[in-house]
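A.B. asks: The structure's right below; bear with me while I get my questions together.
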Amino acid sequence: MQSVGDRPVMAVLPAEGADKPEEKPQKPDLRRKLLIAAVLVWAVAITAVVIFRGGDSAPAPAANRPSAAPSPSDAPLTTGQVYQTVLPSLVSIRSTGKTTSNSPAKSMAESATGTGVIANADGTILTANHVIEGAVAIQVTYTDGTTSAAEVKSADPKQDIATLTPAKLPETLVPATLGGGLTVGDDVVAMGNPLGLTASTTSGVVSGLDRVMSREEGGDISGLIQFDAAVNPGSSGGPLINDRGQVAGIVVALANPTDAGTFIGIGFAVPIGAALGGGQGDGRTPPL
């Protein structure tokens with residue numbers, strides 16, 4: 001048997017005439033050898049075809065198969081994406097209360113500004129208690145420009161947390177998603193209305209957990225989240241958000257060793273679970 005390239009070539013058998021010459025004794029051996037060679041060539045050709053076709057249909061090893069990509073909702077969000085996600089749930093709060101001052105230089109009413117976040121499908125707003133404490137009138141402004149009067153639904157001075165019931169809802173109501181489980185080093189975003197600059201956002205990391213904040217009135221608040229995203233007066237009551245766009249805490253204070261009241265790198269938030277009455281939160285929106 002000879003070969004041309006990769007293809008086997010069989011030898012051509014001599015044609016048989018009408019008058020055959022006398023066969024020599026070795027003729028049968030030659031025919032037998034040629035027949036065996038032809039069978040072998042055929043077997044090799046068939047084997048090659050089977051192997052070739054089988055190679056095309058054989059499944060690829062599991063290790064070479066592409067793995068399923070995680071869904072987009074499982075991927076961490078950028079600061080901009082977090083901002084766009086929570087912005088429709090952000091609320092600006094202005095409260096007006098009586099003053100005890102007898103000075104003619106002061107108005108008979110003082111106002112305070114802060115932040116809140118829509119935390120339930122019925123429009124309930126979650127905020128810091130000190131933003132609305134003692135108020136005789138509360139007005140909320142949604143990010144679409146809609147304004148409404150609001151009343152205190154519940155107050156927890158011990159945790160510095162309060163909930164409000166607005167008289168009017170925005171045309172499109174978007175409650176925030178609540179979640180928790182922060183650890184030190186996690187990325188967080190703070191949103192609010194610091195110094196009257198509405199719908200502001202800053203980013204940072206969780207700097208510590210289970211912090212204790214001392215107050216002149218109301219006693220200490222324990223179990224707080226410490227973070228370094230910038231907050232200032234007006235940020236109180238705003239959401240502290242994780243990188244999945246979930247509200248993980250409510251901003252209640254900043255640390256400053258002076259009386260300036262400006263941010264120096266340490267803010268505090270009540271964990272969302274504690275703000276709602278217990279736990280750290282599990283990503284679901286509980287009733288308020």
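The values are calculated or read from the model by the stated rules, or taken from the named source; none is laboratory data. Remember, predicted model here, so these are calculated numbers, not experimental data. Backbone-built Cβ (ideal geometry, glycine too); neighbour counts: all protein chains shown.
A.B. asks: Among the numbered criteria (1) in contact with a helix residue (DSSP H, G or I) (Cβ under 8 Å, 6 or more places away or on another chain); (2) hydrophobic (A, V, I, L, M, F, W, C); (3) more than 30 Å from residue 75 (Cα to Cα), which single criterion is violated by residue 213?
C.D. replies: (1)
A.B. asks: If you take the residues of the stretch 172-190 that are part of a strand (DSSP E or B) and buried (at least 21 other Cβ atoms within 10 Å of the Cβ), which of them is modelled with the lowest pLDDT?
C.D. replies: Of the residues in the stretch 172-190, the ones part of a strand (DSSP E or B) are 177-178, 187-190.
Cutting the leftovers down to buried (at least 21 other Cβ atoms within 10 Å of the Cβ) gives us 178, 188-190.
Working: 178: 95, 188: 98, 189: 98, 190: 98.
That would be 178.
A.B. asks: Looking at the stretch 273-280, can you tell me whether even one residue there is at pLDDT 95 or above, not hydrophobic (A, V, I, L, M, F, W, C) and not in a loop (DSSP other than H, G, I, E, B)?
C.D. replies: no
A.B. asks: Further question on the same structure: Any residue in the stretch 148-165 that is at pLDDT 95 or above, closer than 20 Å to residue 253 by Cα and either within 20 Å of the chain's Cα centre (by Cα) or of a type in the set (Val, Ile, Thr) (or both)?
C.D. replies: Checked against the condition, which is being at pLDDT 95 or above, closer than 20 Å to residue 253 by Cα and either within 20 Å of the chain's Cα centre (by Cα) or of a type in the set (Val, Ile, Thr) (or both), the stretch 148-165 yields at least one hit.
A.B. asks: Condition first: charged (D, E, K, R), over 20 Å from residue 199 (Cβ atoms) and outside any strand (DSSP E or B). Now tell me which residues in the stretch 116-158 satisfy that.
C.D. replies: Taking the stretch 116-158 and keeping what is charged (D, E, K, R), we get 122, 133, 144, 151, 153, 156, 158.
Checking the rest, the ones that are also over 20 Å from residue 199 (Cβ atoms) come to 122, 133, 151, 153, 156, 158.
Of everything in the stretch 116-158, those that are charged (D, E, K, R), over 20 Å from residue 199 (Cβ atoms) and outside any strand (DSSP E or B) turn out to be 122, 133, 158.
A.B. asks: Examine the stretch 175-198 for a residue that is touching a Gly at 6+ places or on another chain (Cβ under 7 Å) and of a type in the set (Ser, Thr, Tyr), and state whether such a residue exists.
C.D. replies: Among the residues of the stretch 175-198, at least one is touching a Gly at 6+ places or on another chain (Cβ under 7 Å) and of a type in the set (Ser, Thr, Tyr), which makes the answer yes.
A.B. asks: If you don't mind, another one. Any chance you could count how many residues in the stretch 215-238 are assigned to a strand (DSSP E or B), in contact (Cβ under 8 Å) with a residue 40 or more places away in the chain and of a type in the set (Ser, Thr, Tyr)?
C.D. replies: Filtering the stretch 215-238 for residues assigned to a strand (DSSP E or B) gives 221-227.
Now narrow it down to the ones that are in contact (Cβ under 8 Å) with a residue 40 or more places away in the chain: 221, 223-227.
Adding the requirement that they be of a type in the set (Ser, Thr, Tyr) leaves none.
Final tally of qualifying residues: 0.
A.B. asks: Conditions: (1) over 25 Å from residue 267 (Cα atoms); (2) assigned to a strand (DSSP E or B). Residue 169 meets all but one. Number of the miss?
C.D. replies: Answer for residue 169: the failing condition is (2).
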